[in-house]
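Here is the structure we will look at, set down as structure tokens.
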Amino acid sequence: MVVQVYGSTPAEVQQTVANSGIHTASRYVPVGIGLYTGIKAKPFNLQAVQNQVKAVKEQNLGHSLFVWEFLVLRTINAHLNVL
């Protein structure tokens, strides 16, 4: 299971994970944290992304990176293909 977490700092990501049921869920299924890396026009700083990944790894969780353009374009394309 991948849970999207939004935070601009590693501390925000860690706090979000700590205040959720993610660790409980990880006892039953593999869990990864989806880290938002910005939009194509204004991506996050690479060092900031690396720090967030490190913060997730320190909690023994997997990670995945995502940007909104891909999700939006995929939804639009799926909708157009149905028409």
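If the condition is being part of a loop (DSSP other than H, G, I, E, B) and within 15 Å of the chain's Cα centre (by Cα), then the stretch 13-29 contributes only 20. The residue that is least open to solvent (accessible area, probe 1.4 Å), among those in the stretch 2-15 that are in contact with a Gly (Cβ under 6 Å, 6 or more places away or on another chain) and of a type in the set (Val, Ile, Thr), is 13. For the stretch 53-60, the condition of being open to solvent by 60 Å² or more (accessible area, probe 1.4 Å), at pLDDT 65 or above, not polar (S, T, N, Q) and not in a helix (DSSP H, G or I) holds for at least one residue. Can we say residue 40 is farther than 13 Å from residue 5 by Cα and at pLDDT 90 or above? Judged against the criteria, residue 40 is not a match. Residues of the stretch 1-54 that are among the hydroxyl-bearing types (Ser, Thr, Tyr) and farther than 13 Å from residue 65 by Cβ: 8, 9, 16, 20, 24, 26, 28.
The values are calculated or read from the model by the stated rules, or taken from the named source; none is laboratory data. For clarity, every value in this text was computed on a predicted model and none was experimentally measured. Every residue, glycine as well, gets a Cβ built from its backbone with ideal geometry; the counts of neighbours run over all protein chains shown. SASA here: full protein model, heavy atoms, side chains in, ligands and nucleic acids out. Shrake-Rupley method; radii C 1.70, N 1.55, O 1.52, S 1.80 Å.
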